[in-house]
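The structure appears below as structure tokens.
The values are calculated or read from the model by the stated rules, or taken from the named source; none is laboratory data. Quick caveat, the model's predicted, so the values are computed rather than measured. Because the Cβ atoms are built from the backbone with ideal geometry, glycine has one as well, and the counts that use them run over all protein chains shown.
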Amino acid sequence: MTPERIVAALLALAVLVASVRWLLAMTRGATATRPRARRVVALLSLQAACAVLLYFTLLPPARLVDAGTMVVLTARADRVATTRRGEHVVALPEAGAAPGATRMPDLATALRRHPGTTRLRILGDGLTARDRDAVRGLALELTPPALPRGIVELWSPDRMQVGAVAGVRGRVVGVATGSAELLDPAGRRVDRRRLDKDGRFALFGEARSAGPFALRVRIRDSGGAVVEQASVPIHADAAVERRVLVLAGAPSPELKYLRRWATDAGLSLHTQIALGGGLRVGDPPIAFDPTTLKQFDLVVIDERAWQSLGAAQFDALRAAVRDGLGVLVRITGPLSAQGRARLRALGLTLASARVADNVRLDAPRPGIAPSDERSGEDTDDAAAIPGLTRRALRIDAIDGSPLLRDASGETLAIWRAEGRGRIAAWLLADSFRLVLAGHGERHARLWSDAAATLARTRGAPEPVLEGDALQGQRTVVCRIAAGSTVEAPDGARTPLLVDPGRGRAACAGFWPTVAGWHRVRSGDVAWPFHVAARDALPGVRARQSHEATAALASTSIATPGTATTPGPRWPWFLAWLAASALLWWLERARYGR
Amino acid sequence: MSAALALQQWLDAARRRRIAIVLVAGLPLLLAATVAAWRFGTPAVTVATGIVGVLFVIALAWRRARALDRRWLVRTLDAIRVDMDDSSDLLFADAGALNPLERLQIARLQQRLADAPAPDLRAPWPVRTLVACALIASGSLALVMLWPAPPHPAAMASKTPGTATQPAAREIRLTQQRLDIAPPAYTRVPKRTIETLDARVPEGTRLRWTLRLQPAPAAAALVFLDGRRLELRRDDEDWSVEAAFDKAGLYRIVPAGALPLLPDKLHRIDVIRDRPPQIRVTAPDRNLTLRGTGQRQWALAFEASDDYGVAMIAQLRITTAQGTGENVTFREQSRPLTGSGAATRRRYAHRLDLDALGLAEGDDVVVQFEVRDNRAGKPQSVRSASYILRWPLPQADTDTGLEGLMKKTLPAYFRSQRQIIIDAEALLKEKPKLAQDTFVERSDGIGVDQRLLRLRYGQFLGEESEGAPQRPLMPTNDAEDVAAASTEKNTSAQAADHDHDHDGDGDRHADDDAAHAAAGDADAAPSPPLPEGHAHDDGHDHGAAASPSAGFGQAQDVLAEYGHTHDLSEAATLLDPETRTTLRAALDQMWQSELNLRQGKPDTALPFAYKALDFIKQVQQASRIYLARVGYEQAPVDETRRLTGKRDGLASRRDALAAAQAGDTEPATLWRALEARDRSADWKPELDAFADWLGRNESRVQDPLALFAAIDALQRAPDCDDCRRRLRGLLWPLLSPPPTAPAPRRAADRDGQAYLDALREATPR
């Protein structure tokens, strides 16, 4: 029951009651004094007309009006064109000094105060997350200022493995020729690159120990003056225990360096290298059955061992893969029909291909060693990496994904999911040359990436953040367990309430008040995430705000022209007054008596 | 117009009353506001508040007074005087524009005003308002005056120097500080005085601290973190101490007694090391110069630079090597050179007169330049590389380019061969006097000498003595290898052990030792360019190779296990065939000589010994010999087993890998310990362990003082988060990262797993 209907009902009731009462009183009186019909009709109709007019005075009918345009000043609005006369100008809290503008705590309030608004002209960096929902359904036009000089994009992994190389990429505006430097936590420069013509840069730093640490990106202009410094927080994770089974039909240097890497990287390795004639070198023999395979996370097997697996062993392996085991088949020599058939049974089809058998891998790595700062600017890494060889084969898999590509994008290994496990075929023959040429780090990354993709899963899925976590802004953490809490750097704990509206995504909102490393704790499992300080990376925030607001502008339906608004009350009031006066006069007049 | 004048007076009186009311009400409030500003604000604020307040009160009074205008007067008169007939405005009307009736009324009004006593138009004193204002003002004043004083920086500053008035100081303050820096005179760095306590000074600088402490403690000292301690001496108000500095350090001022010094900061003295001078030789432009035809002089020039100064006199060391073959004689002499140019960069030049040195064909002149810097006490001296001028022998043209690799053949053993002959002849002379047993015994002793000598020459030929090639073999028998763990000498040990006589006699090691001794004796003889590397390297210990625990990836073992680090065969290959043959003939003769000597027949042995000496002489005359170089030598395949198809003794082998050793763990442990978010976490043991480690490994760290300072700061303020962060940052370069390990892959959630399972069921295979 809307207010309009209640008012209408009350008025109608009043008219009805009054009319009935009056008619009853009239019929009870003497016949001679009864008024004539025309008087009755006039009085009753005027009474009804009065009620109708009163209704419209109270609730005037909506009227189509010209759409009102509201100018909204946001952060750095003073950098763009000023407002025109006669516009509604409101200033949101982010806007600086704005003479002539009405201060509003947020956009929703402004819209409530100015109901006719259908278009928003936003000056400045754009709407913050707080105001974006309020725009819904309004036409929107953004006039942003140029992005501030400095870093406007910065991408870095927030989690990585110890010993891995973190790539920090970004874009700078307003610095035509300059350089980007990466500083380690001790303040030493570990990498330096020139900015390319778009102002982009990619820097590489190393995680030397487990735990949170912060690298710093420093942008210098061509004169060497520091333009901006930004902190890049990263959390390095310690290696988890993995069990790897290496099966090979013959010893080879590739195996030697693979085993060396695995052992040094803390993987628990079990090796069986056949020497022919039933002889083996390596660890003590194990039974190749489902029970044993269950203990391993990854099996690295070469084509000779692959072919020499017995039928029962192959079935055990296949069952183990479906149960979660990862298998990497290194194809370094000719493969028999049986070997191909087995691969085909696991969804990987081999076909010979006319490709060159020499390949070159990409090699991004820190440009300069910390010790020699003077030399080595922009070293040409790709040239230094040695050429490797591959089998001239093509792997086809309908649902396969590339596991390894060379510098030109050619696929060298493909994996696919088989049940809960994964299987991959690998054509690169001699990655060990990387180590020999001094690129041990690249070799380690090659194999750790492969092992990370293929090896059996460990642990429950981790929570994820939706978007960036920013101090003072709502952050959404998804995939959390019931009863999780967030632990702030200052030790404060906030319980997370799972939003039932998001269903099985299991998301919860959280408002971080302090910057730094937070942890989502559920039970004794802790998952770290970083909350950026409110004033960190102003250029990046400005760009994000531009983009989010521009996205709103592109999705908002521009409804030019009209909007409805309550019409003026005064004509209805005058009409009601006139009707009432007429009624009053008629009551006293002798007309129709 | 007396009426108008009277009216004006009344109006003025009313206005004055209003002004008075405003002032009486406003001034106390103004006073209160000003006092508050004086109490809590700066003087400028006080003055501004006063001025603004006074202006405001005046403006208010003026405004209120102006409100009483003519209209107000007319209304008030009309209101309070009935006899005005509501027409007092006529009093102010322009007389000219009035009609007679109005003029009459004016006259009546004026008359009435004049008759009646003057009306009091002044507003009454608003007593309640005034009292309220006064109360508010006095209340505020009381509040402001009684409010506790805020910590006023200016006031603090002005208070501290007045120590006499301070009843009891809670801390000692450093009111004056001065550091006089007097670098050693030789550096020519001017003396200076700085007002801070941190300095960067040249090595050997005398530093003098002059400090003033308030209040003065009983005693004070400069305490260095590394344990040094300098007691400050009191001289009236000043405390001072003087010391020379050779070593950088961190220190703090520590007063005796209970009062602490504030702020208790750590100061740093950095020492700039005096670098040794550097020599840049401009002439000759290469290390080996061949004498040009008819060249009489050799121009030498070099430049020496140093951070503080180079001594004026440099030494030119000249070594002449004259003669060839065995008969090379060396003469050394030294000449002073006088330099020119600035002290930090001197140039020296000299022309060497070759004739004066008596240089002849086949001779070498080797020069070296030696300069010293001017460091007081112990000058640092630096010698340049050697520069050689060679007057080549006509046939030695082909040698160019191989200078670094070859040396003249001057083995010491040749003398020993002669010695053997001498000994044998002496023995023969003594024969009649000696008993048969003694004679045979002594002959046998000479025979042993002969044998050792022969073994030495055998090494020269790269052959393992007794003829049969006993090269190291690849391990071919796994059964033996497996059993090797329990036995002392396994296959690989045998393979690596390049023992020269494989007859397995028990005194093998003893013989070896004796051989070394002999070689050592020979070395002692004055014949400098011995193939010494050979003689000494031979003694490497083969025990390591025999160790069964040799793991994979231990580099030093690999060579010993599979290679033959004894590089003599390579030396042998560098002998030209002719020399080889001659040497082999010498060996044969030695063999015969030894045979006879050991049988007690020195007379039969002597001819062979002479022949051997002869051959050796030929070798000596013949040529040069090349120094051995270390190289990898593949063990040969055991041809006796090859392609036989026999698999006896073969078995599977264990091949366990050992993980590489990571660096020291102390920095990483501390890094992790400091990361702990919870303040109560105890990282002190780790900090102590690291401090210990740092003390031992100071030279491995780029800036140990910064680390020491950070540790000290953290130890003093364990709750300081910034100190922790700083120390953690400094630790970063000391951490040694392991190779990249694979990131863990997280299990799919329930939906994902169901999807994967469904996928598998949907594709029947």
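I'm trying to understand the selection: among the residues of region A:7-48, which are among the basic types (Lys, Arg) and assigned to a helix (DSSP H, G or I)? Quick ask: steps written out before the conclusion?
Taking region A:7-48 as the starting set, the residues that turn out to be among the basic types (Lys, Arg) are A:21, A:28, A:34, A:36, A:38-39.
Of everything in region A:7-48, those that are among the basic types (Lys, Arg) and assigned to a helix (DSSP H, G or I) turn out to be A:ARG21, A:ARG28, A:ARG38, A:ARG39.
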**Request:** Restrict the check to region B:280-300 and report whether at least one residue is touching a residue at least 40 places away in the same chain (Cβ under 8 Å) and under 30 Å from B:ASP198 (Cα atoms).
**Result:** no
**Selected residue [without any contact (Cβ under 8 Å) to a residue 60 or more places away in the chain and surrounded by 13 or more Cβ atoms within 10 Å (Cβ to Cβ)] from A:ALA8, A:ALA30, A:ALA42, A:ALA25** = A:ALA8
**Message:** Between a residue in region B:53-72 that is surrounded by 13 or more Cβ atoms within 10 Å (Cβ to Cβ) and any residue that is at pLDDT 85 or above and among the basic types (Lys, Arg), which pairs come within a Cβ distance under 9 Å, given they are 6 or more apart or on different chains?
**Reply:** B:ALA61/B:ARG18; B:ARG64/B:ARG15; B:ARG64/B:ARG18; B:ALA65/B:ARG15; B:ALA65/B:ARG16; B:ALA65/B:ARG18; B:LEU68/B:ARG15; B:LEU68/B:ARG18
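Within region A:208-226, restricting attention to residues that are β-branched (Val, Ile, Thr) and buried (at least 18 other Cβ atoms within 10 Å of the Cβ), which residue is farthest from the other protein chains (Cβ to nearest Cβ)?
Here is the first cut: in region A:208-226, the residues β-branched (Val, Ile, Thr) are A:217, A:219, A:226.
With the extra rule that they be buried (at least 18 other Cβ atoms within 10 Å of the Cβ), the set shrinks to A:217, A:219.
Details: A:VAL217: 16, A:ILE219: 20 Å.
In this case the residue turns out to be A:ILE219.
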**Asked** Within region A:101-123, can one find any residue that is buried (at least 22 other Cβ atoms within 10 Å of the Cβ), modelled with pLDDT of 90 or more and either in contact with a Lys or Arg (Cβ under 6 Å, 6 or more places away or on another chain) or not in a strand (DSSP E or B) (or both)?
**Response** no
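Among the strands (runs of 3 or more DSSP E) lying completely within region B:282-395, list those that include at least 2 residues that are in contact with a strand residue (DSSP E or B) (Cβ under 9 Å, 6 or more places away or on another chain) and either farther than 30 Å from B:PRO183 by Cβ or among the hydrophobic types (A, V, I, L, M, F, W, C) (or both). If you could, list the steps in order and put the result at the bottom.
Numbers: elements: B:288-290, B:297-305, B:313-322, B:329-338, B:345-353, B:364-372, B:381-383, B:387-390.
Correct list: B:288-290, B:297-305, B:313-322, B:329-338, B:345-353, B:364-372, B:387-390.
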**Message:** buried (at least 20 other Cβ atoms within 10 Å of the Cβ) and at the interface with chain B (Cβ under 8 Å from one of its Cβ atoms): which single residue out of A:ALA455, A:ALA425 fits that description?
**Reply:** A:ALA455
**Asked** Does B:THR46 meet the test of being buried (at least 18 other Cβ atoms within 10 Å of the Cβ), free of Cβ contacts under 8 Å to residues at least 24 places away in the same chain and within 30 Å of B:LEU143 (Cα to Cα)?
**Response** yes
**Request:** Determine, yes or no, whether B:ASP115 is of a type outside the set (S, T, N, Q), surrounded by fewer than 13 Cβ atoms within 10 Å (Cβ to Cβ), closer than 17 Å to B:LEU7 by Cα and over 60 Å from the mean Cα position of the chain (by Cα).
**Result:** yes
**Prompt:** Name the pairs: first residue in region B:696-719 and assigned to a helix (DSSP H, G or I), second residue among the aromatic types (Phe, Trp, Tyr), Cβ to Cβ under 8 Å, at least 6 apart or on different chains?
**Reply:** B:ILE711/B:PHE690
**Asked** Given A:ASP283, A:ASP297, A:ASP264, A:ASP237, which one is over 24 Å from A:GLY440 (Cα atoms), charged (D, E, K, R) and either surrounded by 15 or more Cβ atoms within 10 Å (Cβ to Cβ) or within 11 Å of another protein chain (Cβ to nearest Cβ) (or both)?
**Response** A:ASP283
**Item:** All positions within region B:244-283 that are over 19 Å from the mean Cα position of the chain (by Cα) and charged (D, E, K, R)
**Value:** B:ARG252, B:ASP264, B:LYS265, B:ARG280
**Request:** For residues that are part of a loop (DSSP other than H, G, I, E, B) and exposed (fewer than 15 other Cβ atoms within 10 Å of the Cβ), scanning just region B:652-661, find the one that is nearest to the other protein chains (Cβ to nearest Cβ).
**Result:** B:ALA660
**Asked** Tell me, which strands (runs of 3 or more DSSP E) lie completely within region A:159-207 with 2 or more residues that are at pLDDT 85 or above and at the interface with chain B (Cβ under 10 Å from one of its Cβ atoms)?
**Response** A:159-161
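Check region B:235-248 and report whether any residue there is exposed (fewer than 13 other Cβ atoms within 10 Å of the Cβ) and assigned to a strand (DSSP E or B).
Here is the first cut: in region B:235-248, the ones exposed (fewer than 13 other Cβ atoms within 10 Å of the Cβ) are B:235-237, B:244, B:246-247.
In the following step, the residues that additionally are assigned to a strand (DSSP E or B) were identified as B:235, B:244.
Yes, there is a match, as at least one residue in region B:235-248 is exposed (fewer than 13 other Cβ atoms within 10 Å of the Cβ) and assigned to a strand (DSSP E or B).
Examine region A:405-426 for a residue that is in a loop (DSSP other than H, G, I, E, B) and at pLDDT 90 or above, and state whether such a residue exists. Spell out how you get there, then give the answer.
The initial filter retains those residues of region A:405-426 that are in a loop (DSSP other than H, G, I, E, B), namely A:406-410, A:419-420.
This time we only want the ones that are at pLDDT 90 or above, so: none.
No, region A:405-426 contains no residue that is in a loop (DSSP other than H, G, I, E, B) and at pLDDT 90 or above.
Could you run through region A:248-261 and say how many residues are under 26 Å from A:LEU335 (Cα atoms) and within 10 Å of chain B (Cβ to nearest Cβ)?
Let us first name the residues in region A:248-261 that are under 26 Å from A:LEU335 (Cα atoms), namely A:248-259.
Restricting the remaining residues to those that are within 10 Å of chain B (Cβ to nearest Cβ) gives A:251, A:256, A:259.
Residues flagged as under 26 Å from A:LEU335 (Cα atoms) and within 10 Å of chain B (Cβ to nearest Cβ) within region A:248-261 amount to 3.
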**Message:** Every residue in region A:278-319 that is small (Gly, Ala, Ser) and either on the phi > 0 side of the Ramachandran plot or touching an Asp or Glu at 6+ places or on another chain (Cβ under 9 Å) (or both), please.
**Reply:** A:GLY278, A:GLY282, A:ALA312, A:ALA316
**Prompt:** Of all residues in region A:462-503 being assigned to a strand (DSSP E or B) and hydroxyl-bearing (Ser, Thr, Tyr), which is surrounded by the most Cβ atoms within 10 Å (Cβ to Cβ)?
**Reply:** A:THR475
**Prompt:** Does A:LEU269 satisfy the condition of being of a type outside the set (Val, Ile, Thr) and within 22 Å of B:ALA662 (Cβ to Cβ)?
**Reply:** yes
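Can you name every residue in region B:730-751 that is assigned to a loop (DSSP other than H, G, I, E, B) and touching a residue at least 12 places away in the same chain (Cβ under 8 Å)? I'd like the intermediate steps shown before the answer.
Applying the first criterion (assigned to a loop (DSSP other than H, G, I, E, B)) to region B:730-751 yields B:735-749.
Result: B:LEU735, B:SER736, B:PRO738.
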**Prompt:** When you look at B:ASP688, is it under 22 Å from the mean Cα position of the chain (by Cα), outside any loop (DSSP other than H, G, I, E, B) and exposed (fewer than 13 other Cβ atoms within 10 Å of the Cβ), yes or no?
**Reply:** no
**Request:** Being at pLDDT 75 or above and outside any loop (DSSP other than H, G, I, E, B) is the filter; apply it to region B:617-651 and report the residue that is nearest to the other protein chains (Cβ to nearest Cβ).
**Result:** B:VAL619
**Message:** Considering only residues that are aliphatic (A, V, I, L, M) and surrounded by fewer than 22 Cβ atoms within 10 Å (Cβ to Cβ), which ones fall in region A:141-163?
**Reply:** A:ALA146, A:LEU147, A:LEU154, A:MET160
**Prompt:** Would you pick out the residues in region A:523-538 that are at pLDDT 90 or above and within 19 Å of A:LEU147 (Cβ to Cβ)?
**Reply:** A:ALA532
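So, in region B:327-363, exactly how many residues are small (Gly, Ala, Ser) and within 41 Å of the chain's Cα centre (by Cα)? Even if it seems obvious, please write down each step before you answer.
Taking region B:327-363 first, the residues small (Gly, Ala, Ser) are B:334, B:339-343, B:349, B:356, B:358, B:360, B:362.
Next, only the ones that are within 41 Å of the chain's Cα centre (by Cα) stay: B:334, B:339-343, B:349.
So the count comes out to 7.
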